[in-house]
Amino acid sequence: MSPGLRTSCSCHSGGAPAAGEPASLRVALVGNPNVGKSALFNRLTARYVTVSNYPGTSVEIARGAARLGGRSAEVVDTPGLYALGAAAEEQAGVRRFLLDGGADVLVQVADATNLARMLGLTLQLMELERPLVMAVNMMDEAERAGVRLDLAALSAGLGIPVVPLVALTGQGVPQLEQAILEASGRPAPPAPVYGNGVGTAIRAVVAELTGSYPAGRTALAALVLQDEPDALERVRAAEPDRGARALARAREQVATFAAPPAYRIAVERQIAASAIAGSVVRDDAATRRSAWQRTASNLLTRPISGVPILFAVLYLGLYQFVGQFGGGTLVDWLEGWLFGQVLGPLFTASLSWIPWEPVRSLLVGDYGVLTLGLRYAVAIILPIVGTFFLFFSLLEDSGYLPRLALLVDRLFKRVGLSGRAVIPMVLGFACVTMATMVTRTLETRRERVLATLLLALAIPCSAQLGVILALMASQPLSLAIWSLSVLAIFLLVGLLGARLLPGPAPVFHMELPPLRRPRVGNVVTKTVARMQWYFLEVLPLFLLASVLIWAGKLTGAFQLVTGALEPLVAALGLPPQTAGIFLFGFFRRDYGAAGLFDLQQQGVLDSIQLAVAAVTLTLFIPCIAQFLMMLRERGVRTAVAMFALITPIAFGVGFLLNQLLRW
Amino acid sequence: MVTCGFCGRPFRGDQAQPVCGMCPLAGGCGHLRCPHCGYENPATPRWLRPFQHRDTGDPRAEQSVPLTDLGTGRVARVARLDRPADAVTAHLVALGLLPGTELKLLQRFPAFVVEIGRSQFAIDSELAGRVQVTVR
């Protein structure tokens, strides 16, 4: 992963300082997951961003411009963080950002209903010895729940400004902006001192850090004691003796600990945090979560009720809403009316004056950028993906997803994954490319590789799913064969992969936020943000695919590859036209599915061939966008190895299936 | 913590005499040999253990058991976390599963759900087995 933070592509504009103004103030929002960082980010910057920090969804770090009390500022939203020393890739990015002094002012966003847990991070951020402001969010929920906080005492005790907020409504945000400005001008608060030998150990290491560092030496010392690689790297670079003395001192101190340093330090921090919380939080409520929340939560997390509910949700959400409404009604309207009657003729007519045949065919030919690429992106993919995102955002905002993860954890363990992987898997039904990116939130490399493999092999993306379902709706037998074959391969490869792939078994741990009625504003914002992302990242690939197909046809490369594929598809008992379809399928999985659709309409395929072709296409190598994503996320070697594994599996299964069905 | 059925003295499970090497059942018999007198006490089967820990009112009964042995609805205090060198263990501490913290076990299947203060967490049986708690 790159050392810097990834930035969301659409968030740069405005807010740059005018000539003569001081440079933009760099503000970073940090905090545990589920505290409302993204909602606050929206308030400060008035930009659309995915408003959720559910692990796996706020992966892209957003930068936005803001004006705080007249001064221009750049605000950075980071993924949820429990501990600076965490090993996961996402947290590594934040850690490096913070250690390298990437922000002038840190704002910790905390959940008012859970302050004791938030304070552990506060102490870690104070170790960085940079200006820090604490934004205590969700004050409305705390009040509803009967939690009373003495924030003045907290501020006095910690030595940092503490501002109460309700990010969703905007209450408290002006006061926060003011506090940020003031904090930027004042010196940083002193680092906390821990007890039971940990404080002594940290001080001893700090004494040996004589170089200059952008961020607090206390934080570095604590990480050095834990053997954290990023901290070690920075100490080696900044110390004249390459950190030899500091490291020796650290080793010495660690030898006096009865338990591993990471554990001891975490325990001491929590003890300090709990002590502070004890004097600041007055929790009056007898019942912590309301009765309906508990009942509903129980229904969802116990298999006996949870599994039927899941099927109901899948049926109503995926099949009815996304499949029938999105893939059916909306697609028909968009393709039939918008493109069929309005845009299609418009494009063809307005560009018919172009004398050069190749250019005309590029734009409005059979596989033209406008007639095919744009049409597929807008009329076919977008409604399906849009309805899916809406459905997913609803589930996410209600707090259902962690409970789903809990239900499926044991099953997922069989295929080498933990319940957390349910998110990329479910996202895979929308877009496998995006889901592959989200696998980076899985904790172990083994899980990431397995999840990517299963996604690439056996999960059909929404576009493909929509067309395949439509294709075989009239042939329930073919549909049954298709779904059973794909499921069987998923389980087989998963089971084998779990056995053969080396690495630690995944562990499952997940916070269960309280169930809540999804908030319309939140859901809409998230959906729009995701659709925006999808359009900006994926539409160009559609157009590129059209161009590549056009170039391929023009140069004859296409015909060459198709010719090479024909004997292969013949071995599967399929007509020669399917060779072209598989090739298209690589550029866009849905091109392939749609090509099958056309063939079936023409009556060229019988129901056995249909099933075989559909299965092979689903298992087939991922689309080009996804392959690029695999290269980026898993590295060249792994991605190529997967490619080399998937292709024979896809064709092999097709071959076997054909033999089996005709027997 | 086991009380020997023969001599009445208490001993911990890991203190049981290891003589399984020569025996054809080699550890599969489910018996714990008392280190004091040698008597073989039957060990409670795993699935039965959550039902076993009734409050005896005995202040000496401060045995720690893994969370996996606790019954649902029970309140317990975290005594220590096994495998403290593991990165995930430190993460559990950051979540609040800290020695001294009080928790309530809400659910055991398909995953363990614990409530600490206002927060609820789900952990699998592997992790739950590492959390040693004392039952009041």
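Of note:
Yes/no matrix, rows are residues, columns are (1) within 11 Å of another protein chain (Cβ to nearest Cβ); (2) closer than 30 Å to residue A:298 by Cβ; (3) surrounded by 13 or more Cβ atoms within 10 Å (Cβ to Cβ); (4) modelled with pLDDT under 80:
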site: B:31; (1), (2), (3), (4): no, no, yes, yes
site: B:43; (1), (2), (3), (4): no, no, yes, yes
site: B:47; (1), (2), (3), (4): no, yes, no, yes
site: B:78; (1), (2), (3), (4): yes, yes, yes, no
site: B:90; (1), (2), (3), (4): yes, no, yes, yes
site: B:93; (1), (2), (3), (4): yes, yes, yes, yes
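- Candidates in the stretch B:95-118 are the residues that are in contact (Cβ under 8 Å) with a residue 24 or more places away in the chain and assigned to a strand (DSSP E or B); of these, the one that is surrounded by the fewest Cβ atoms within 10 Å (Cβ to Cβ) is B:102.
- Unmet criterion (only one of (1) buried (at least 24 other Cβ atoms within 10 Å of the Cβ); (2) touching a Leu at 6+ places or on another chain (Cβ under 6 Å)) for residue A:422: (1)
- Just one of the listed residues (A:417, A:406) is touching a Pro at 6+ places or on another chain (Cβ under 7 Å), within 14 Å of chain B (Cβ to nearest Cβ), within 21 Å of residue A:495 (Cα to Cα) and not in a helix (DSSP H, G or I), and it is A:417.
- Considering the stretch A:229-340, the qualifying helices (runs of 4 or more DSSP H), each wholly inside and each with 3 or more residues that are within 34 Å of the chain's Cα centre (by Cα), run over A:229-238, A:261-280, A:291-301, A:303-313.
- The condition (being in contact with a helix residue (DSSP H, G or I) (Cβ under 7 Å, 6 or more places away or on another chain), at pLDDT 85 or above and buried (at least 24 other Cβ atoms within 10 Å of the Cβ)) is satisfied by just one residue among A:31, A:56: A:31.
- Candidate set: the stretch B:95-115, residues that are more than 15 Å from residue B:64 (Cβ to Cβ) and modelled with pLDDT under 85; chosen: the one nearest to the other protein chains (Cβ to nearest Cβ): B:96
- Residues within the stretch B:116-128 that are of a type in the set (A, V, I, L, M), farther than 10 Å from residue A:508 by Cα and facing chain A (nearest Cβ under 7 Å), tallied: 0
- Hits in the stretch A:235-267 (condition: among the charged types (D, E, K, R) and buried (at least 23 other Cβ atoms within 10 Å of the Cβ)): A:264
- Index of the failed condition, residue A:381 passing every other in (1) crowded, with 23+ Cβ neighbours inside 10 Å; (2) more than 25 Å from residue A:553 (Cα to Cα); (3) away from chain B (no Cβ under 14 Å): (2)
- Restricted to helices (runs of 4 or more DSSP H) entirely inside the stretch A:598-663, those with at least 3 residues that are more than 18 Å from residue A:480 (Cβ to Cβ) are A:624-634, A:636-661.
- Of all residues in the stretch A:483-516 being small (Gly, Ala, Ser) and free of Cβ contacts under 8 Å to residues at least 12 places away in the same chain, the one that is surrounded by the most Cβ atoms within 10 Å (Cβ to Cβ): A:483
- Among residues of the stretch A:141-159, those that are free of Cβ contacts under 8 Å to residues at least 12 places away in the same chain and under 20 Å from residue A:36 (Cα atoms), counted: 2
- Taking the criterion of being surrounded by 15 or more Cβ atoms within 10 Å (Cβ to Cβ), aromatic (Phe, Trp, Tyr) and out of contact with any Ser or Thr (no Cβ under 7 Å at 6 or more places or on another chain), the only residue of the stretch A:300-350 that qualifies is A:339.
- Residue satisfying condition, being in contact with a Gly (Cβ under 7 Å, 6 or more places away or on another chain) and within 12 Å of chain B (Cβ to nearest Cβ), within set A:269, A:302: A:269
- Of all residues in the stretch A:138-158, at least one satisfies being among the aliphatic types (A, V, I, L, M), within 11 Å of another protein chain (Cβ to nearest Cβ) and assigned to a strand (DSSP E or B).
The values are calculated or read from the model by the stated rules, or taken from the named source; none is laboratory data. Just so it is clear, the model here is predicted, and its values are computed rather than measured. Reconstructed Cβ throughout: ideal geometry from the backbone, glycine too, with neighbour counts over all protein chains shown.
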